[in-house]
Amino acid sequence: MAVLKPFKGIRPTKELVEKIASRPYDVLNSQEAREEAKGNEYSLLHIIKPEIDLDPDVDVHSEAVYNKAAENFKSYLQKGWLVQDKKEHIYIYALTMNGRTQYGIVGGAALDDYLNGVIRKHELTMPDKEEDRMKHVRVNNANIEPVFFSYPAHAELDRLVKKYADSNDPEYDFVADDGIGHHFWVVYDDEVIRRIVSLFEEIPFTYVADGHHRTAAASLVGEEKRKNNPNYKGDEEYNFFLAVHFPHNQLTIIDYNRVVRDLNSLAPHKLLEKLEKGFIVDEKGTDIYKPRKLHNFSMYLEGKWYSLTAKKETYDDNNPIGVLDVTILTEQVLGPILNIRDLRRSERIDFVGGIRGLKELKKRVDSGKMKIAFALYPVAMEQLIRIADSGNIMPPKTTWFEPKLRSGLIIHSLED
């Protein structure tokens with residue numbers, strides 16, 4: 001059963017929360033972070049992307065960058081921009097997008113749950129990214145950013161969370177510049193805290209939705225601290241890490257699309273001929289075509305949109321990985337036709353989150369930087385859970401969750 005631990009959150013003052021809150025570290029590059037934080041000394045980007053305060057030519061994985069993160073974090077605490085709660089709480093973090101609100105429970109997720117499989121994952125992590133976040137956690141002795149988890153919806157728990165939110169004024173309540181509403185409550189009622197924690201124990205498994213590398217990094221630091229303290233009891237703060245848990249039926253996964261730099265020396269008409277082996281190919285003209293259902297793809301090539309419908313022999317409905325559209329596209333197109341064998345390392349392919357819309361695919365191809373684009377129908381949350389439960393791993397860049405959490409609303413210290 002899953003563990004949810006109350007903790008003493010480190011949080012911005014109400015006056016500064018909108019200035020401190022930022023997009024997560026992994027959705028913008030260093031240059032974008034510099035621009036976003038320009039003129040805002042409070043932005044959490046100074047801690048999660050600390051290279052913005054150093055020379056632009058600095059190696060982002062250098063010791064100087066991690067030390068700058070720790071220096072800035074310490075400064076925020078000393079200046080009173082961030083303040084730690086005096087007692088342990090559970091917190092509620094809700095996000096509103098397009099008039100729809102999802103309610104997350106903020107608490108400490110257990111290192112042991114990650115190690116024993118109660119926390120389930122669906123993506124492979126990259127060692128270099130794990131190491132980067134591990135160093136960041138280690139040098140700050142804190143989880144500066146939360147991970148985004150899901151759990152099988154629990155009617156009583158979800159009603160309790162919604163009731164508390166409806167009955168109490170939020171600690172923070174603002175709309176970010178991207179139009180997403182962020183609402184945050186501190187649960188002060190001890191009885192409600194106990195009840196939330198107790199009901200959470202009825203959750204059999206939780207699922208990493210967004211933040212596989214941050215989760216792995218937190219685990220590595222926790223294990224490292226255990227080794228350095230052979231007499232650890234298991235209730236030390238480093239045995240837990242910061243997570244926001246959402247019921248699965250409140251989440252939205254949107255499409256995660258692909259653009260490719262070349263056609264592997266194929267003429268466009270030859271490419272279309274090869275596609276007809278595994279797909280029903282239907283030219284749609286110059287108007288943007290969006291996939292209608294699973295196993296239907298959209299392709300943009302030389303100013304035209306195409307519908308590609310996978311033939312039944314190209315996938316296996318009984319295989320949780322084989323039935324995925326990302327698998328079909330990889331095994332039927334990207335590998336055998338375009339000769340892209342390693343999606344995680346190939347420089348010939350790039351990935352575009354569906355939040356940018358299919359116009360972004362058209363733009364990338366029309367610019368000449370890319371030659372062809374593929375849009376996919378979104379993965380269902382039930383598919384993600386089925387894959388994680390079966391112990392399988394999704395191909396890279398399969399899921400894109402929206403809306404995304406803002407970093408900086410709450411931090412978890414690894415010190416007791």
Every residue from region 394-415 that is assigned to a loop (DSSP other than H, G, I, E, B) and more than 27 Å from Tyr238 (Cβ to Cβ): Met394, Pro395, Pro396, Lys397, Thr398, Thr399, Glu402, Pro403
Name the residue that is farthest from Ser367 (Cα to Cα), counting only residues in region 269-303 that are touching a Leu at 6+ places or on another chain (Cβ under 6 Å) and free of Cβ contacts under 8 Å to residues at least 60 places away in the same chain. Phe279
Find the residue count for region 74-122, including only residues that are without any contact (Cβ under 8 Å) to a residue 60 or more places away in the chain, among the polar types (S, T, N, Q) and in contact with a strand residue (DSSP E or B) (Cβ under 8 Å, 6 or more places away or on another chain). 0
Here is a check on your reading of the model: is Gly368 more than 26 Å from the chain's Cα centre (by Cα), of a type in the set (Gly, Ala, Ser), in a loop (DSSP other than H, G, I, E, B) and not assigned by TED's automatic domain parsing to the domain that holds Gly179? yes
Matching entry among Tyr315, Tyr306 (being free of Cβ contacts under 8 Å to residues at least 60 places away in the same chain and touching a helix residue (DSSP H, G or I) at 6+ places or on another chain (Cβ under 7 Å)): Tyr315
Restricted to region 348-365 and to residues being touching a residue at least 60 places away in the same chain (Cβ under 8 Å) and not in a helix (DSSP H, G or I), the residue surrounded by the fewest Cβ atoms within 10 Å (Cβ to Cβ) is Phe351
Is there a residue being assigned to a helix (DSSP H, G or I), under 18 Å from Leu414 (Cβ atoms) and of a type in the set (Gly, Ala, Ser) anywhere in region 37-45? no
Those residues of region 9-48 which are among the charged types (D, E, K, R), over 22 Å from Glu402 (Cα atoms) and either in contact (Cβ under 8 Å) with a residue 12 or more places away in the chain or not assigned by TED's automatic domain parsing to the domain that holds Ala109 (or both) amount to Arg11, Lys14, Arg34
Identify, by number, the condition in (1) of a type in the set (D, E, K, R); (2) part of a loop (DSSP other than H, G, I, E, B); (3) without any contact (Cβ under 8 Å) to a residue 60 or more places away in the chain that Glu331 doesn't meet. (2)
Filter result (more than 16 Å from Val17 (Cα to Cα) and surrounded by 15 or more Cβ atoms within 10 Å (Cβ to Cβ)) within region 163-188: Tyr164, Ala165, Asn168, Val187
For region 248-284, give me each residue that is aromatic (Phe, Trp, Tyr) and under 31 Å from the mean Cα position of the chain (by Cα). Tyr256
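Return yes or no: is Asp190 closer than 30 Å to Ile355 by Cβ and either small (Gly, Ala, Ser) or out of contact with any helix residue (DSSP H, G or I) (no Cβ under 8 Å at 6 or more places or on another chain) (or both)?
So Asp190 does not fit the description; no.
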Tell me, please, whether a residue that is of a type in the set (Lys, Arg) and farther than 23 Å from Pro396 by Cβ can be found in region 332-345. no
Out of all the residues in region 62-79, is one or more at pLDDT below 95 and among the polar types (S, T, N, Q)? no
Based on this model, can you work out whether Glu123 counts as assigned to a loop (DSSP other than H, G, I, E, B), touching a helix residue (DSSP H, G or I) at 6+ places or on another chain (Cβ under 9 Å) and modelled with pLDDT under 95? yes
Report whether or not Asp287 is surrounded by fewer than 14 Cβ atoms within 10 Å (Cβ to Cβ) and either under 32 Å from the mean Cα position of the chain (by Cα) or modelled with pLDDT under 95 (or both). yes
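The values are calculated or read from the model by the stated rules, or taken from the named source; none is laboratory data. Quantities reported herein were computed from a predicted structural model and do not represent experimental measurements. Using ideal geometry, Cβ is built from the backbone for each residue, glycine included, and neighbour counts are taken over all protein chains shown.
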